Amino acid sequence: MTMNKFILLTLLCLSSYALFSQKSSDYVITGKVVDKAAGVPLEYATITVKDKNSTQDVEGGITDMDGNFRVEVPAGDYSLKIEYISFQPLTLNRSINSDLNLGTIQLEFAASDLEEVTVVAETTTVDVRLDKKIYNIGKDLTTAGGTVSDALNNVPSVSVDVEGGISLRGNENVRILINGKPSALAGFGSTDVLGQLPADAIERVEVITSPSARYDAEGTAGILNIILRKEKTLGFNGSFQLSAGHPDNASVSSNLNYRTNKFNIFNTLGYRYRESPGNAFFDTRYFEARQDAFLDNVPYDRNIEDRQYDRLDRGFNGNLGLEYYLNDQSSITGSVFYRKGNDDDLTTNRNDYILGDDPRIGTTRRELENEDDQSYQFALNYINRFNDEGHQLTADVQYDVDEEDQRTFINEPVRYNNSSVNDITLPREETNTTEKQKEYLFQADYVLPLGEDSQFEAGYRGNLENEVTDYELRQEDGNGNLVINENQTNIFDYTQNVHALYTQYGTKFFDMLNVLVGLRMENTTIKGNITSLLTEQELQEEFSFPIDTDFNNNYLGLFPTVNLILEFGEEENLSFGYNRRINRPNGWFVNPFPSRDSRNNVFQGNPNLEPAFSNAFDVGYLKRWGKKLTFTSSVYYQHETDAFQRVQEDVTITGPGGNPTQVIRSIPINLATNDRFGAEAGLLYNPAKWLRLNGSVNFFQFNLDGDFNGEDYSQKNTSWFGRFSSKVTLPGAIDWQTNMFYRGASQEIQGRQDGILSIDLALSKELFDGSTTISANVSDLLNSRKRQSFTTTEFFEQDSEFQWRQRQINVSLIYRFNQQREERKRPREGQYGDDDGEFEG
């Protein structure tokens, strides 16, 4: 969309609004409808106005995406009924002789007692907005005692692979936000930390496949925005959770909250101890025999590598915040987050080298890794609501630091199958890696309603990141001394600064078409500086590709967005979305120094990576049949240029003792274009109070077109994944939940990947009038969550299998206190869109 077209569309929207606003009526009734429990606006709530002196309805309407409504009636006595699916209707009687603003109206779940409230609240529901789908996660039994990563794996459109990597519709380039912002809680956009935060910290997950201009343009797949819980009940309340399981793991966490009419103090504390055994297997067959000078030049044409992972994770996390209400319209919130981890990982890597059918030589490589890391975050938020119609200004300042100190000790004794040869030991290795990452965030957002059906927004966000990786490799010399390997030791200083401005305009046409158009401008600066004992020329010779040891890239991008929803009624709508996105290479992907996980298989970053850009289109359909059945679906297409892909090569690098060693190198490259097509569908079905069913399926295909080092990597790949969940209430108030996930087989650029099946089971029982819950669950019941793949290149073919974590059994106990008390009336919204106001009848 050109700028002229964008301006023309905006003028047309304003003109249309002016025409509609000329319609006159005697008096106007306005208000806002929200979910009392979650505090979020209820879109598509029905307002029916009936003349008390007549049996006919006079007027009616539905709420917009912000929960607001407007109804025009002549003077008279009326009965107003506000309704929303699964909520208790509210009826008000009013005499109208002037314009009436009903303020904020809170609806409660349609339940007559606590047990029924629990049944409804445990159901995961979906709410479709102009630019996202909101999944209000119920009490997912299978993730009790689990982590945020476990909970995400049960969200439609989302899948979590065996290593904890998160993808959206099969695309791994997804942006992770916490409460709408990048955060140390999410590992600055990576997914490692999400495996350490408790699943019960989540209130809801926003799946944003067609982000509007208010969101970062980063992430070609879209955005996952994780909204954390913050209690809204007055007084002192909270919960405690204890969990334990096999393989050995234990955790304890607490969520405490103290709220008055003037301030709200919230606190989360947690400690986790977890053993996570895993394994991997690689069978590599070379098309020509090869030899390693350090393995006594024994020739071989096959290598079998068998890995065992024994991981021990210990971690503490805490969050303390204070929200202070300056007045009825404004508040300021400050919070501090701290996380500390201590991990001990032992990887035992057995290698057998074979020539034909003759086993020749073998090694057992033991790698002990000790890692200490800590993260902390300071955040300050200010919000000022100028009125009750949505006119507001918010400002955020955030500072994040993540520090990590990693020490690795490697030894690799060699055994000969020929007993006449004495065994030897490869030189010992030690690595020391220190990483420190800092991030500053500055953000301001302004929202201006224009009448009842239109809204203007504008804002700024600045993300300033710096990551310094200090890596030292020491290897044993001929005298048994550890000396620095000059080829590998380095300091990599990486900086990424992004400044963004955005504006967007939303309006409604003909009481059925919602339109949201926006434009975001982002300026990105990426700098990298490599300090090495080798010269730039020597580094290029060592790694076999051009390396700039001091690079500075700057680029400016415009990212337009268009989102539409066509409403066919309260229970049916059709949506359309378009957006332009960017995928920036992170520090891990551009650091050119190879990993040391294996002597035969290494990962190496590529400092020559350029950002990838995509244009994405999405069409969705939603239909509800009363309170029991909801159907969602969408089809989508994405065209990405300079897409990142990992390729494997047979290369020579400097090995132990400075000797040249042939390895299989995995390296990311810009592989020309990637066209993605896909479709997804989901059903939420509640046929009875004791039975809830949830299923979804996602089909996707991508077409790659590109080559690297003279080899054509063009390829078409089709795959799919599906999930099914059932929850049954048994006699004795026992809940039984089953989750199933299957990812279909797929063709990769250098081979194929087999399908993966995973099944989780859980049982739960409420005790002591619902204040206590005891549950037991089994994660990966069949122990089948393994990635099995086949790779073939010009030099070798390889079968591999990888299991990050074996089957897990957990038992959890949750105790809640003072969480069923009614909220007192307060006409204000909290941070992150929480609405704590209550209509006073």
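Distance between the pseudo-spin-label points of ASP99 and ARG752 (7 Å out from Cα toward the beta carbon): 6.8 nm. A Förster radius of 60 Å combined with the Cβ-Cβ distance from LYS765 to ILE484 puts the calculated FRET efficiency at roughly 0.50. Between the beta carbons of ARG350 and PHE409, assuming R0 = 22 Å, the FRET efficiency works out to 0.80 to the nearest 0.05.
Mean projected area of the convex hull spanned by the Cα atoms of the range 498-570, taken over all viewing directions: 8.5 nm².
Annotation for the range 783-814: GluC sites (Glu not before Pro) lying in DSSP loop with at most 14 further Cβ atoms inside 10 Å of their Cβ are GLU794. For the range 235-833, relative contact order (Cα pairs under 8 Å, six or more residues apart, normalised by length) works out to 10 percent. Spin-label model, GLU472/PHE456: points 7 Å from Cα along the beta carbon direction are separated by 5.9 nm.
Summarising the label geometry, the points placed 7 Å from Cα in the beta-carbon direction at GLU794 and GLU371 lie 3.5 nm from one another. Once the Cβ-Cβ distance of LEU629 and PHE510 is raised to the sixth power relative to R0 = 25 Å, the FRET efficiency obtained is 0.35. When the Cα positions of GLY356, ILE565, ASN591 are compared along the charge dipole of the range 235-833, ILE565 comes out farthest toward the positive end, with charges on each C-beta of Lys, Arg, Asp and Glu.
Residues whose amide H lies under 5 Å from that of TYR713, counting only those 5 or more places away or on a different chain, are GLY706, ASP707, PHE708; hydrogens are built 1.01 Å from N in the peptide plane. Going down the table (LYS262/LYS438; LYS32/LYS628; LYS181/LYS627; LYS36/LYS262; LYS716/LYS786), which pairs top 30 Å between alpha carbons? Violating the 30 Å Cα-Cα cut-off are LYS262/LYS438; LYS181/LYS627. One decimal place: the segment LYS716-ASN554 gains 55.0 nm when fully extended, by the rule 0.36 nm per residue minus the C-alpha distance. Here's how it looks for ASN179: its modeled amide H is under 5 Å from those of ILE226, ILE227, LEU228, which are all 5 or more places away or on a different chain. Please give the residues of the range 768-785, grouped as numeric ranges, whose backbone N is less than 17 Å from a label point set 7 Å along the Cα-to-Cβ vector of ASN279. Only 780-785 fall inside the zone, counting backbone N under 17 Å. Put the Cα centre of the range 736-759 next to the Cα centre of the range 518-567 and the gap is 33 Å.
Where a number appears in this text, it was derived from the coordinates with a stated rule and is not lab data. Just so it is clear, the model here is predicted, and its values are computed rather than measured. Please note: Cβ atoms are built from the backbone with ideal geometry, for glycine as well, and neighbour counts cover all protein chains shown.
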